[in-house]
Structure formats: C-alpha cells, structure tokens
1. If packing is taken as the mean number of other Cβ atoms within 10 Å per residue, what is the order of 41-47, 221-227, 289-295, highest first?
2. Set the Förster radius R0 to 22 Å, insert the Cβ-Cβ distance between Asn279 and Thr235 as r into 1/(1 + (r/R0)^6), and round the FRET efficiency to 0.05.
3. Under a Cβ-Cβ cut-off of 14 Å, what is the net charge of the residues other than Gln162 that fall near it, where Lys and Arg count +1 and Asp and Glu count -1?
4. So if R0 is 45 Å, what FRET efficiency would Glu319 and Ser163 give, r being the distance between their Cβ atoms, rounded to the nearest 0.05?
5. Which whole-number percentage describes the relative contact order of the chain, with Cα contacts under 8 Å and a sequence gap of 6 or more?
6. Would you please put 185-193, 205-213, 86-94, 13-21 in order of how densely packed they are, using the mean number of other Cβ atoms within 10 angstrom per residue and starting with the highest?
7. Which peptide among 108-119, 321-332, 244-255 comes first, and what is the full order, when sorted by highest mean count of other Cβ atoms within 10 Å?
8. Taking amide H positions as placed 1.01 Å from N in the peptide plane, with prolines and chain starts having none, which residues 5 or more places from Tyr61, or on another chain, fall under 5 Å of its amide H?
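Nothing in this text is a laboratory measurement; each read-out follows from the coordinates by a stated rule. As the structure is a computational prediction, the values presented were derived from the model and not from experiment. Using ideal geometry, Cβ is built from the backbone for each residue, glycine included, and neighbour counts are taken over all protein chains shown.
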Amino acid sequence: MTAPLRSAPLKVGFVGCGGVAQVVHLPILSQVEEVELVALCDVDLRKATVLGDKFGVPHCYGDVEEMVTRHQLDLVFVLTPNNLRMPISMMVLRHNAHLFLEKPAGLNQAEVARIATEARQRNLHVMVGMQNRFRSDVRSIKTFLDAQEVGEVFYGRSEWLQSKFPVQKQPWVFKKKIAGGGVVMDLGLPLIDMVWWLIGKPAVRSVRAYQHPIKKDLEVEDFCVFTLEFDNHFTLLAEVSWDFPTGRDSLSVELVGSAGTCKLNPLRIQKLWRGQLLNITPELRENSTTIFRKSYENEIRHYVNFLLGKVSNLESSIEDAVHVMGMVDMIYRSLATGKEVRAEHAVE
C-alpha cells in the first residue's frame, strides 16, 4: 500500500468514443465501483451522447477544452487517432488530471517524451495501454524468466501477422500523417513492448529492418521484418504484417534461454534438466478469448488501484513508452536508409 494519489470514486472522462472505447474501456469502467464516469468527448457529439445514454455518463461534449475546464477530473482516457494524442495529452495534464493513453502514445519518441516531461513536472502519471503485459499467459512467462528457470535468455522469435485487416482497421490507420506509420506502429510497437518487458527492459543497441509492400496502394508499410539487439546480448527477430497471405491471424513469441524455452500461443515452457527437456508449463484455466478480454480488465484495474494507492508500481508508464517509441523510431530510420541503425551509446 502507498499513499493514494486520488480518492475514490475517481472522476473519469473520455476523449474519443470509437470502437475501443465502446467495446473495451467503457464496459469495463462502468463495472468498477471506485470509478465515476463523468464525461465523454468526441468530434461526433451525437455518438458521444448515444454512448453517454448507454453507459449512464451524464455529460457529453464535442470540445476537449470545454470538458476538462468544466469538470475536475481525476483521470482522462485519450483514445483518439495517433496524431491527436500528444496535443490532447498536454491539454489534459495542464488541467491536473492523470492520463491513460492508448498505444502509441504519440507519433514519435519526441512527442512521447514531451508528454512524459509535462507529467513529471506536474507530478502526474500517464499509463499507456499495453494490455499484453496483463495477459495471464504472458505474466506466467515473466515469472519463469525472472526466476531464471530457463537460464540466460539470449534469443527471441516473434510474429504478429493479420490476414484480414481491411475490416478491422479505421481508415486513418493507413494515413501516414495521422497514424505516424503502418504495421510497425500498429502491431510492431506492442510486440516490442511485450518482449522488452519480459526480458527486463534492457537498452537497445542496434536495429535493422526490412519491408515489402503487400498492398501497393498504401501510404504506409504493411509488412516488415526487423531485428533488435540489446545491451544484455539478447537478439529479437520479429515479423509484423497486415493482410498476410495466411488463413488466420497469428501472434506468437518464442524466447530461448541457455536452459530452456518459453513460448506464447499456446503457452509452453520447457526446461533442460539432466539432459532431458521437461515440460514445466503451468496450467491456466482460461481459454484464449478469456485471456484476451481479461488482459484489458487487469490493465484498467491496475491503473485504478495504482491511483488509489493499492499498488506501488505503475506498469506500462509513459517513461517505458519513451524507450519503446525510440526503438520504433530506429526501425523507421532503418527502413528509410536501408541500413542498420545503432543507438548513440553503441556508436563506436
């Protein structure tokens, strides 16, 4: 227990009432006793009003400044297109509210760093939505890695390949000025965050990335392969794609250690013991759908508990997001130059 940053019920506002707000955040928060949903804001005021009626939110706005001026909010969820997150975040922080940002927190590392600096100067907190950290299967892997059950982890393979992206994405996702990038920003960033968190958040040393356009008419990349090398001698090879020519979506991770392996989707942990490979996978009672749904519930509950002083450390902070976005920036520099990009501290 720590001293609470705010008292219950937390007065919560929303900026952006799109699909993720409608399907994920509002249904979850409406069931949290320590939360009072106060206001919704969207450029489409009619949509905000319909959602307000559905979830019992009394105030709806079409202007962010009006919402944060009229109400003393404890926490604001910003679920807008990527290019709006930094300016709206700065506005909200200047009205003394904590923030929850969907990923990515900005268009590049410089934007995310601005948010982090503003929050730090005002003694406020910002959580970035990386729900994969809150999956029960991912957290099981984290427990085994932290206990060094598979030895020193030195290599990882991962992929996030989607087969039918046109029906799943908002049109702005494919606009570079709005989204900041393509599939690397959309799928690569949370994939990097998950693996980086699992292996202890080491400093990145170098990045090399390759791309090939599957759909020729897109402004942004829809297929990318990249490698990241870290100061702890860990190397990650990753593939991300929309509209990949496969029958189903695939999210998988394999981490290789000196004494075993950890795999995700399905969860499988194996350990070398006296020359034999033993299956030490813990039994999870949840199916994949439940794991996915509960990851969002766990994420939101964690932040509420943090602000109320029930947990001491904030997972997926804006400071973490600065580091992860730096890796994404390096991937885009590698794609632009066709060369390896090395971190400043690794340049000889």
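1. Details: 41-47: 16.6, 221-227: 20.9, 289-295: 14.7.
Result, highest mean Cβ count within 10 Å first: 221-227, 41-47, 289-295.
2. Numbers: r = 25 Å, r/R0 = 1.16.
The value I calculate is 0.30.
3. Details: positive: Lys164, Lys169, Lys215, Arg248; negative: Glu159, Asp186, Glu221, Asp222, Glu239, Asp243, Asp249.
It works out to a net charge of -3.
4. Numbers: r = 35 Å, r/R0 = 0.77.
That gives a FRET efficiency of 0.85.
5. Numbers: 682 pairs, mean separation 70.5, N = 348.
For the chain, the relative contact order is 20 percent.
6. Working: 185-193: 24.1, 205-213: 17.8, 86-94: 20.1, 13-21: 22.2.
In descending order of packing, they fall as 185-193, 13-21, 86-94, 205-213.
7. Values: 108-119: 20.0, 321-332: 22.7, 244-255: 15.2.
Highest-to-lowest ranking by the protection proxy: 321-332, 108-119, 244-255.
8. Leu40, Cys41, Asp42
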